[in-house]
Amino acid sequence: MTFYEELQWRGLVKDVAGEDIADKLNNEKVTFYWGTDPTADSLHLGHYSSLVTAKRLARAGHHPILLCGGATGLIGDPRPTAEREIMAKERLEKNLAGIKAQVDRIFEGKAEIVNNYDWTKDYTFLEFLRDIGKYINVSYMLGKDIIARRLETGITFAEFSYTLLQGYDFLHLFRTKNCIMQCEGADQWGNITTGLELIRKIEGKEAYGFTMPLVLDKYGNKFGKSAGNALWLDINKTSSYELYQYLVNVDDSMVIDYLKIFTFLTKEQIEELEAKNKEHPELREAHKALAREIITDLHGAAEYDKAVDISAKLFSGDLKSLSLKDIEIGFRDVPTVELKEEGKAIIDVLVENKICGSKREAREFFAQGSITCNGEKISDENTPVTKAMAIEEKVIVVRRGKKKNYILKF
C-alpha cells in the first residue's frame, strides 16, 4: 500500500486538485501547509484531525508549514449563517500564542509556524486590489458554496474578500517557501481553489491541494463536541480525564473510523482491534486504544495513565485515594453545595440542600444503604458533616442511589 493509498484507506482524502498528486506524495518530498484562524486561545478535537493528517505527511518526509491567521483572523472566515464578530487585536494575540504553543508541542518543535499578518500588514489596499483582486472574477467568487449560501441573508465585503486573503497566503508561500500543496478540512475547498487559481494565473504554474472530510459522530454532529461544548486541546480547559471519558464512549459504529483518522496505528493493528470490537464490544479495547493514542500524543503517557486511574477509582467508588484536584476534574459538572459551617447532621444537610426531598425520603435512602460520602456508606442519619471526613478537608462527594452525585464543599 502506497502512502497515498493509506491516506485513502484512512478516509482522509475528499476533494483533490492536481492529477499527479498521488505521485507527488508517494515519490517526492513536498512542502505543504495547513492553516487556522485564532478564533480561540486553544484548538479543539475537530482541529486535531487535520493536525494529525499534517503530522502524518511530515512523518512521510514532507515539510509542514502551519499557518496561524493573524491577518485572516481579523476578518473571519464566512460562516454559513451570520457575520462573524470582529475580534479585538489583544484577544487575537493571546489566541495566537496559545495555538502556536499547541502546534509546536504536537509537532515536537519540528513544524515551521508562520503568521500571515507578517506578509499582509504592510500591503496597501490599492496594491492588493491591483496585484491580487484583478485576477479573480466576481462571478468566480459568487460560485463559492459558502458565499452563495450567504447571499440571501447578506454578506459584507470583508467576509466576501476572505477567500482572496487566503488565496494570497497560498501564493505567498508558493513564492517564498516553494510550498506547492495546501491540506485543509473539507469546508476550506473554496479557499484552496482560489489559491490554486492565483498561482496558475500569476505564476503560470500548477499547485496541489486536498481536503479531508469533516469528522462527524453518528448523528452528524462535529466530532469533539460534548453537550454543546468543544473538547479543547488545552489541558487546562479540557482535562485528560474528560477526553478519556468522551473517547471511550464514542459510538461502536464509529470507533474504527476514528482510529484510522486520529492514530498512527497500522492497518494490521486497527483491523485486529476491529475484530476484537466485534467479538467482545463490552471490553471496549478499540475505544481505549483511541483514547490512549490521542491523549498520549497531546499530553503524554503519564496523563493517559492518570485519566485511566481516575476513571477506575470513580467507577469503583474508591474516592478517598483521589486528590482534591482529581475530584474537581472527575466531578466538574456535578451540582455543588457550599457548606458554611460544620457539624450539622447529614440528614439536615441533605434535605436543606435538596439532595433529598424530605427527611422521610432521606431515611429510606439511609435504610437501603444508598447514601455514601466519599465512597463510604452512611447509615446514621445524625452523622455530623465535618471537615475531617472531607478530602483534603475541602470536599465530600455524596452519592444518592446508584448515579446521583453531589459535591459538598467547605
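The values are calculated or read from the model by the stated rules, or taken from the named source; none is laboratory data. Model, not experiment: these values are computed from the prediction. With ideal geometry, Cβ positions are generated from the backbone for all residues, glycine too; neighbour counts draw on all protein chains shown. Just so you know, the surface numbers come from the protein's heavy atoms only, side chains and all, with ligands and any DNA or RNA stripped out. Shrake-Rupley method; radii C 1.70, N 1.55, O 1.52, S 1.80 Å.
Here Rg and Dmax of the Cα atoms in Å was calculated from the structure, and among (i) 26.2, 85; (ii) 24.3, 79; (iii) 22.7, 75 it sits at label (i). Taking THR156, THR386, THR163 and ordering them by how much accessible surface each has at a 1.4 Å probe, largest first, produces THR156, THR386, THR163. Rolling a 1.4 Å probe across the protein heavy atoms gives the stretch 144-244 an accessible surface of 43 Å² per residue.
Farthest towards the positive end of the charge dipole of the chain, among the residues GLN245, PRO78, ALA60, is the Cα of GLN245, using unit charges on the Cβ of Lys, Arg, Asp and Glu. Using a simple spin-label model with pseudo-atoms 7 Å out from Cα toward Cβ, SER379 and LYS267 lie 6.2 nm apart.
Can you send over the carbon and sulfur percentage of the accessible area for the chain, probe radius 1.4 Å, protein chains only?
Working: 9860 of 20230 Å².
Accessible surface attributable to carbon and sulfur in the chain totals 49 percent.
Taking the centroid of alpha carbons for each part, the stretch 231-247 and the stretch 365-395 are 30 Å apart.
Length gained on full extension, GLU203 to LYS409, computed as 0.36 nm times the residue gap minus the Cα-Cα distance: 67.6 nm.
Work out the FRET efficiency for ALA88 and ALA158 from their Cβ-Cβ distance, taking R0 = 25 Å, and round it to the nearest 0.05.
Values: r = 16 Å, r/R0 = 0.62.
Once rounded, the FRET efficiency stands at 0.95.
Considering only GLN166, ASN178, ILE155, the residue lying farthest towards the positive end of the dipole of the stretch 150-191 is ASN178, judged by Cα position with unit charges set on Cβ.
Rounded to the nearest 0.05, what FRET efficiency is calculated for ARG149 and PHE128 with R0 set to 22 Å and r the Cβ-Cβ distance? Don't skip to the answer; put the middle values down first.
On the way: r = 25 Å, r/R0 = 1.16.
The calculated FRET efficiency here is 0.30.
The 3J(HN,Hα) values that the Karplus relation (6.51, -1.76, 1.60; θ = phi - 60°) gives for the stretch 260-275 are, in residue order, 5, 6, 9, 10, 9, 4, 6, 4, 5, 5, 5, 5, 5, 5, 5, 5 Hz. Gly and Pro appear as x. If you run the Gaussian network model on the chain, springs between alpha carbon atoms under 10 Å, then out of GLU341, GLU28, GLU303 the most flexible one is GLU341.
What size of dipole, in debye to the nearest 20, comes out for the stretch 1-113 about its Cα centre when the only charges are +1 on Lys and Arg C-beta atoms and -1 on Asp and Glu C-beta atoms?
In debye, rounded to 20, the stretch 1-113 gives about 340.
Between GLU342 and ASP104, the simple label model (points 7 Å from Cα in the Cβ direction) yields a spacing of 4.4 nm. Extension gain, ASN26 to LYS320, is 100.4 nm, computed as 0.36 nm per intervening residue step minus the present C-alpha separation.
For ASP326, ASP333, give me the order by solvent-accessible area with a 1.4 Å probe, most accessible first, ignoring ligands, DNA and RNA. If you can, show how the numbers build up before the last one.
Working: ASP326 25, ASP333 140 Å².
Descending accessible area places them as ASP333, ASP326.
In the assembled protein chains, LYS14 presents an accessible area of approximately 110 Å² (probe radius 1.4 Å). Between the listed residues ILE378, ASN191, VAL13, the Cα displaced farthest toward the positive end of the dipole of the chain, a dipole computed from Cβ unit charges relative to the Cα centre, is found at ILE378.
Computed over the chain with a Gaussian network model linking Cα atoms closer than 10 Å, the most mobile of LYS94, LYS29, LYS340 is LYS340.
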